[in-house]
Amino acid sequence: MFKNNYKKFIPKKELGQNFLNNLYIIKKIIKIIKLKKNDILLEIGSGFGIITKLIILHLKKINLVEIDLNLIKFLKKYLQFKKKKILIYKKNILKINLIKIVKKEKKLIKLFGNIPYNISTNLIFYIIKYIYYIKKIYIILQKEFFEKILSTSKKKTNGRLNIIIKYYFNIKPIFKISKNSFIPKPKIKSILIILKPYKKIFFIININIFNLIIKLFFNNRRKKIKNIFKKKIFKNVKINININLNFRSENISLLKYCILSNLIIINYFLKNNYFKI
């Protein structure tokens, strides 16, 4: 049925549509998610509903997010046998208010999805926005993007996204997925990962200032640390932390960014009685 319907469908490049159609991989993923009957799951980008059809067998109900109207029409017919158990949001995932879903269901939510490369970064920041309402995130990312956020490339340097995601989540890679498992076939491999929000994280006096400090450093990523420290914000701040001043932003660890952020808050923002750069 998938192949017959796919032949009539033209994938939209702007939506990054690559549909997982390997049944073995799909069953393996569902087993990893460990669904319980009362779990609240939000599936991001349901596509032709192949995964959805198997997931719904384990749940009382499921929330789907799909932006493509042609696919929504198909899903309504294809999943009609479970119509009462399915709620479809005709929206971009980044526009969904997870707080409303959690308040309605009175339970933390699980997220699952095969994420297009073009929204991967925005999706991470979206998830962080609702981090206290999420139990776990199971997402398929392009392997290249995963290496970027976890610094698993040969360079092993940090980036802004890398620092922030490590602050909020325990990141667990599960297994790689071949290009041949998708239709149409993507150019690079994918990987299934689990993001679990930390219950206890590094102590930060003010998370907004921490995020602004990270942004400041990576907006000046080409400069050496000693030159960044010449900015007004660091004036009269005693940087009593072991940082090589010839390093650049990408060479500083998450822990040191946390300590540095707190030092700046104490020595600059609190003393000047305001919280903005």
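Just so you know, all these numbers are worked out from the coordinates, no wet-lab data involved. For clarity, every value in this text was computed on a predicted model and none was experimentally measured. Here Cβ is always computed from backbone atoms with ideal geometry, including for glycine, and neighbour counts include all displayed protein chains.
Quick look at the values:
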| item | result |
| --- | --- |
| The range 2-197 shape via C-alpha gyration tensor axes, a/c threshold 1.5 | oblate |
| Prolate/oblate/rounded call for the range 207-269, Cα gyration tensor, a/c under 1.5 rounded | rounded |
| Inter-site label distance for Ile205 and Lys129 at 7 Å from Cα along Cβ, in nm | 2.8 |
| Extension reserve of the Lys73-Ser253 stretch, reckoned as 0.36 nm per residue once the Cα distance is removed | 60.0 nm |
| Residue-span extension gain [Asn170 to Asn220] - 0.36 nm each, minus C-alpha spacing | 15.3 nm |
| Residues whose placed amide H lies under 5 Å from that of Ile109, excluding near-sequence neighbours | Ile134, Lys135 |
| The range 207-269, relative contact order [Cα under 8 Å, separation at least 6], % | 45 |
| Amide proton proximity set for Phe19, modelled H, under 5 Å, gap of 5+ | Ile183 |
| Packing-based order for 27-36, 162-171, using average beta carbon neighbours within 10 Å, highest first | 162-171, 27-36 |
| Backbone HN-Hα couplings from phi across the range 166-174 [Karplus 6.51/-1.76/1.60, Hz, Gly and Pro as x] | 5, 5, 8, 10, 7, 9, 10, x, 9 |
| Taking Glu147, Glu66 and counting other C-beta atoms within 10 Å, the order from fewest to most | Glu147, Glu66 |
| Sorted by Cβ density within 10 Å, fewest first, the residues Ser253, Ser46, Ser190, Ser181 | Ser253, Ser181, Ser190, Ser46 |
